[in-house]
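Below is one structure, written out as structure tokens; comments come after it.
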Amino acid sequence: TIQLMNKFFLNLGKQPLANNYQKKFLKKQVKYNLKLYFNSKTKLVSISKRIPSEKMFNNKYPYKSSMSVTMKNSFKILSKEIKNKFNPNLLLEIGSNDGTLISNFKRNQVIGIEPCKNLAQITKKMKYQTYASYWNFNLAKKIKKKHKQLDLLYSANTLTHISDLSDVFKSINHVLSKNGVLIIEDPSLLECIKKNSYDQFYNEHIYLFSAISVEILLKKFDLQIFDIKNLKTHGGSLRYYIKRISNENIKISKSVKKQIHKEKKFGLDKFSIYKKFTINIKKSKSKLIKILKRLIKQKKRIIGYGATAKAVTIMNYCNIDSNIIRNFTDTTPDKINNYMPGRNIKILKYKKDILKKYDYVFLGAWNFKDEIFKKEREFIKNGGKFITHVPKPKII
Ligand code: TYD
């Protein structure tokens with residue numbers, strides 16, 4: 001087991017389950033404390049309250065990675081890279097969501113694993129082999145029995161959602177071949193701290209990884225990072241390329257030391273940086289509220305763009321309701337006409353002209369700023385303005 005030596009650093013208040021969009025606004029929605037901790041031994045940053053996976057990842061999970069061109073492109077580029085560099089016989093994706101990555105492969109080349117049944121159904125319909133299950137040792141045993149060992153495992157924005165990391169890597173170890181490669185990508189803790197994007201934290205994001213913590217974690221499982229790429233996705237992510245320590249055929253790239261050095265220089269391995277972060281986040285909260293309230297005084301109409309899990313953290317932490325942000329807008333079918341979890345703000349279906357009725361747009365999906373700005377040229381041309389809290393609350 002992973003030893004806990006947790007030090008508390010930030011309380012983001014009572015938060016509802018981030019993807020639990022409601023048809024009707026429920027005043028008494030169940031909320032959980034969202035508190036952040038740093039483990040001085042494992043260097044992992046995590047939240048304290050662990051919600052059972054079944055409550056979050058079920059047959060009604062709304063999030064679809066195909067909703068943004070940026071993610072689709074990122075997965076397409078990676079697919080090409082995987083084919084060219086590693087050419088695996090069989091690839092297994094842990095957390096295949098609606099198949100945005102695996103649909104770049106032939107049906108006999110990939111297996112998807114997706115516990116959210118509504119999403120697993122999508123890739124099954126596309127005739128991709130999909131296990132509608134949680135990633136755990138039982139499933140790993142089943143997979144090994146059927147497919148023998150696998151030479152490539154991939155997982156994006158999923159492992160940080162699983163509480164028991166020991167089981168995660170034990171299970172990976174069970175199916176990964178001797179010379180196999182594991183690729184994982186998740187939001188980067190360094191980018192989160194630098195950008196004051198405290199909205200990376202919600203009940204699903206149990207951990208926020210750094211190269212430092214991943215390296216420590218992997219050692220216990222005879223695994224090591226051999227390459228790291230910085231990605232722009234999700235506000236700054238790291239893609240870790242991982243192999244067995246015993247596999248000496250693959251060279252370790254300089255990128256690994258470079259990233260770890262960068263993180264240590266910034267102080268990610270020391271508690272003091274998190275205390276600074278806390279001060280910044282408290283400032284960020286009051287500044288954002290100040291900006292929004294000023295605009296409301298001036299009778300400006302504000303809408304949120306991208307009903308993200310991240311925005312749920314912000315709305316609940318900053319106590320923002322529909323008297324400040326009238327609505328959100330989003331393209332995701334299962335979010336439309338629902339309420340932001342914990343808030344009385346209704347999500348409207350995205351239409352081309354929707355922004356016309358508003359003066360200011362709060363960027364809920366600030367991580368897709370470029371994509372959104374491109375799409376909303378008309379609004380910008382007509383004097384429309386955006387509000388973001390990253391890296392500091394401001395109007396752009
Ligand atoms: P994302 O930032 O990936 O989410 P989370 O914080 O939940 O992990 O989600 C982006 C959301 O924004 C998703 O619900 C789709 C929506 N979206 C739009 O509505 N329009 C757009 O142009 C883009 C890029 C995203």
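Rule-based calculations on the coordinates, nothing more; no lab input. Please read these numbers as outputs of a predicted model, since none were measured by experiment. Using ideal geometry, Cβ is built from the backbone for each residue, glycine included, and neighbour counts are taken over all protein chains shown.
Hey, what's the Kirkwood Rh for segment 186-255 if you take every pair of different alpha carbons, in angstrom?
After inverting the mean inverse Cα-Cα distance, the result is 13.0 Å.
With one equal scatterer per alpha carbon and no solvent term, the Debye-computed log10 I(q)/I(0) for segment 12-113 at 0.14, 0.17, 0.19, 0.24 1/Å reads -0.81, -0.98, -1.03, -1.19. Projecting label points 7 angstrom from Cα along Cα→Cβ for Lys257 and Ser322 puts them 5.8 nm apart.
Centre-to-centre separation between the Cα atoms of segment 219-265 and those of segment 193-215: 16 Å. Over all distinct Cα-Cα pairs of segment 116-171, the Kirkwood formula returns a hydrodynamic radius of 12.6 Å. Spin-label model, Lys290 to Phe266: label points 7 Å out along the Cα-to-beta-carbon direction sit 2.6 nm apart.
Using a Förster distance of 51 Å, how high is the FRET efficiency between Lys106 and Lys27, based on the Cβ-Cβ distance and rounded to 0.05? E between Lys106 and Lys27, to the nearest 0.05, is 0.55. What the phi angles of segment 234-249 give under the Karplus curve with 6.51, -1.76 and 1.60, with θ = phi - 60°, is a coupling list of 6, x, x, 10, 10, 9, 9, 9, 10, 9, 6, 4, 6, 7, 8, 6 Hz, glycine and proline written as x. When segment 223-277 is described by a simple charge dipole with +1 on each Lys and Arg Cβ and -1 on each Asp and Glu Cβ, the residue from Ile242, Leu223, Tyr274 located farthest towards its positive end is Tyr274.
Once you have a ≥ b ≥ c as the square roots of the Cα gyration tensor eigenvalues for segment 133-206, tell me rounded if a/c is under 1.5, and otherwise prolate or oblate according to whether a/b is larger than b/c.
prolate
Taking label points 7 Å from Cα along the Cα-to-Cβ direction, Phe8 and Lys85 give a separation of 4.2 nm. Taking a temperature of 37 °C and a viscosity of 0.692 mPa s, what whole-number D in µm²/s does Stokes-Einstein yield for the chain with Rh from Kirkwood over alpha carbon pairs? This corresponds to a translational diffusion coefficient of 151 µm²/s. If you look at the Cα atoms of segment 267-396, you get an Rg and a Dmax of 15.1, 48 Å.
Taking 31 Å as the limit for the C-alpha separation, the pairs Lys76/Lys346; Lys43/Lys375; Lys299/Lys392; Lys127/Lys357; Lys125/Lys356 exceed it in the case of Lys76/Lys346; Lys43/Lys375; Lys127/Lys357; Lys125/Lys356.
Subtracting the Cα-Cα distance of Lys275 and Asn230 from their residue separation scaled by 0.36 nm leaves 13.7 nm. Each residue of segment 232-271 gets 112 Å³ once the volume of the Cα convex hull is shared out per residue. For the pair segment 101-147 / segment 1-69, the C-alpha centres are spaced 24 Å from each other.
In order along segment 192-205, phi translates into HN-Hα couplings of 4, 5, 4, 8, 6, 8, 5, 6, 5, 9, 8, 4, 7, 7 Hz, rounded to whole numbers, per the Karplus curve 6.51 cos²θ - 1.76 cosθ + 1.60 with θ = phi - 60° and x for Gly and Pro. Take the Cα radius of gyration of segment 145-283 and divide it by 2.2 N^0.38 Å, N being the number of residues; the result is 1.09. Considering helices alone, the calculated mean residue ellipticity of the chain at 222 nm is -9500 deg cm²/dmol, with DSSP H runs of length four and up weighted by -39500 (n - 2.57) and normalised per residue.
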